[in-house]
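Student: Below is the structure I would like to discuss, written out as structure tokens.
None of the figures in this text is laboratory data; all of them are computed from the coordinates on show. All values reported here derive from a predicted model rather than from experimental measurement. Every residue, glycine among them, receives a Cβ derived from its backbone with ideal geometry; neighbour counts consider all protein chains shown.
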Amino acid sequence: MPASRLELDCEELTVLVEQYAQVEGVTATAWPSLSFFRADSPSDRSCAMYEPCLGVLLQGNKHILLGDERFEQENGNYLINSIDVPVTAQVMRASPQEPCLCITLRLDPVRIGEWLSEVKLPKPAAATARGFALSPLNTELLDPLLRLVRLLDSPRDLSLLAPLIERELIYRLLTGEQGARLAQIAVVGGQGQHIARAIQWLKQHYNKPLRISDLANMVNMSASSLHHHFREITAMSPLQYQKLLRLHEARRLLLTEGCDVATAAHRVGYESPSQFSREYSRQHGAPPLRDVNRLRQVAGDASGAVDLH
């Protein structure tokens, strides 16, 4: 059977991304919101902060852990994330001959909001407000993404046409099966916006003591409503979210700044180094020093940094 339009576009996009992403890790592009990721071999679990984004995996296989939920990202589907969340990611299938290749397009809630008055949103695909989901890839979404990547070789065309293509991509996402999920962060006064404000505060003050009542007052919600909607959207409670931010940042400090365990624990907000070590072990599968030494042996100091892709 002849290849479908979707298959042909995927093949061309894979070739283009591999040409740009020559080295492992994240590759920035001439369009600031667009980046590529490459892995030449399976990886250990790594910490990542996923911003609102569209993610397309073109080759390989990747597992993502959000709270206690596990997602398997593979070619043929796209990832939509509507809110900043700390996750654990692991490349499961990759080789130098067939690397794991991903495209990420960061999404701006302001631009999403510009479309809301013009777009009739589809009904949610599932009865959940979760801000993170996978959906089957289609030609309507892949075609503008391919056109955007093609423009990277033409700087003059890129500056003029990329904003239009990015707007088209947002339209395709909003009218796709995850449109309502994505739109929740842009609805003025909606629960998604309240939770986004709470998350921004947690990101800026992750090393400070957290009182749920104070955070709820700050975002004009009751404590019970904040807890309910926060868990519904992020798959974790505010306290769990803060703990993951702390442990992810501590891992980065240990790997890239050479901090000792007690210093890293204190800098991310722990008063007890022993409590920090226990929680670090539960999250990363080994005590801090053993985990860091293992990562350095596998990837080397330079590539052992926390993945913010």
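Student: How would TYR171, TYR78, TYR206 line up from fewest to most surrounding beta-carbon atoms within 10 angstrom?
Tutor: Working: TYR171 17, TYR78 23, TYR206 20.
With the sparsest Cβ surroundings first, the list reads TYR171, TYR206, TYR78.
Student: Just the C-alpha atoms of segment 191-235: what Rg/Rh do they give, with Rh taken as the Kirkwood radius?
Tutor: Using only Cα positions, Rg/Rh for segment 191-235 is 0.92.
Student: Right, here's the next one. So what is Rg over Rh here for the chain, counting just Cα atoms and using Kirkwood for Rh?
Tutor: 0.97
Student: With the crude spin-label approximation of a point 7 Å out along Cα→Cβ, what separation in nm comes out for GLU7 versus SER272?
Tutor: Between GLU7 and SER272, the label points sit 5.9 nm apart.
Student: Given labels modelled 7 Å from the Cα in the Cβ direction, how far is it in nm from ARG282 to GLU232?
Tutor: With each label placed 7 Å out from Cα toward Cβ, I get 2.7 nm.
Student: In addition: Have a look at CYS100, CYS47, CYS259 and tell me which one the Gaussian network model of the chain (Cα, springs below 10 Å) gives the largest fluctuation.
Tutor: Sorting by GNM fluctuation, first place goes to CYS259.
Student: Taking springs between alpha-carbon atoms closer than 10 angstrom, which of PRO209, PRO86, PRO144 fluctuates most in the Gaussian network model of the chain?
Tutor: Sorting by GNM fluctuation, first place goes to PRO209.
Student: Please compute the length gained on full extension between ASN61 and ASN220, using 0.36 nm multiplied by the number of residues separating them and subtracting their Cα-Cα distance.
Tutor: 53.2 nm
Student: Right, something else. If R0 is 35 Å, what FRET efficiency do you get for ARG111 and ASP40 from their C-beta distance, rounded to 0.05?
Tutor: Working: r = 34 Å, r/R0 = 0.97.
FRET efficiency, ARG111 to ASP40: 0.55.
Student: Amide H neighbours of ASN77 under 5 Å, counting only residues 5+ apart in sequence or on other chains, H built in-plane at 1.01 Å?
Tutor: Residues meeting the amide H criterion: LEU57, LEU137.
Student: Is it possible to state the helix-based mean residue ellipticity at 222 nm for the chain, with each DSSP H run of 4+ residues giving -39500 (n - 2.57), the sum divided by total residues, to the nearest 500 deg cm²/dmol? What is it? Write out the running numbers ahead of the final one.
Tutor: Details: 12 runs with 148 residues, N = 309.
Dividing the helical sum by the residues of the chain leaves -15000 deg cm²/dmol.
Student: Then there's this: With r as the distance between the Cβ atoms of ARG167 and ASP260 and R0 = 51 Å, compute the FRET efficiency 1/(1 + (r/R0)^6) and round to 0.05.
Tutor: Working: r = 49 Å, r/R0 = 0.95.
Plugging the Cβ-Cβ distance into 1/(1 + (r/R0)^6) gives 0.55.
Student: Right, next: Using the Karplus equation 6.51 cos²θ - 1.76 cosθ + 1.60 (θ = phi - 60°), what ³J(HN,Hα) coupling, rounded to whole Hz, does each residue of segment 234-247 give in order, writing x for Gly and Pro?
Tutor: 9, 6, 8, 7, x, 5, 5, 4, 4, 4, 5, 4, 4, 5
Student: Relative to 2.2 N^0.38 Å, what does the C-alpha radius of gyration of segment 1-144 come to as a ratio? Two decimals please. Please list the in-between numbers first.
Tutor: Numbers: Rg = 15.5 Å, N = 144, 2.2 N^0.38 = 14.5 Å.
For segment 1-144, the normalised Cα radius of gyration is 1.07.
Student: Which ³J(HN,Hα) values in Hz, rounded to whole numbers, follow from the phi angles of segment 213-230 under the Karplus curve 6.51 cos²θ - 1.76 cosθ + 1.60, where θ = phi - 60° and Gly and Pro get x?
Tutor: Working through the residues one at a time gives 5, 5, 5, 4, 4, 4, 9, 6, 9, 6, 4, 5, 5, 4, 4, 5, 6, 4 Hz.
Student: Sticking with this structure for a sec: Taking 8 Å as the Cα distance limit and 6 or more residues as the minimum spacing, I'd like the relative contact order of segment 240-303 as a percentage.
Tutor: 29
Student: Rounded to the nearest Å, what's the spacing between the alpha carbon centres of segment 162-191 and segment 202-255? Just the number, please.
Tutor: Result: 25 Å between the Cα centres.
Student: Within a Cβ distance under 13 Å of GLN240, other residues only, what is the Lys/Arg minus Asp/Glu net charge? It would help to have the intermediate numbers written out before the result.
Tutor: Working: positive: ARG231, LYS243, ARG246, ARG282; negative: ASP68, GLU69, GLU279.
Once positives and negatives cancel, what remains is +1.
Student: List the relative contact order of the chain as a percent without decimals, with contacts defined as Cα pairs under 8 Å and 6+ residues apart.
Tutor: Averaging sequence separation for qualifying contacts and normalising by length gives 18 percent for the chain.
Student: Kirkwood-based Rg over Rh for segment 246-287 (C-alpha set), two decimals?
Tutor: That ratio equals 0.91.
Student: Only Cα pairs within less than 10 Å get springs; with that Gaussian network setup on the chain, which residue of ARG290, ARG167, ARG38 has the largest fluctuation?
Tutor: Ranking ARG290, ARG167, ARG38 by mean-square fluctuation puts ARG290 first.
Student: Would you list which aspartates and glutamates come within 13 Å of LYS62, measuring only between C-alpha atoms, while excluding same-chain residues fewer than 8 positions from it?
Tutor: By straight Cα distance, LYS62 reaches ASP40, ASP44, GLU72, GLU74.
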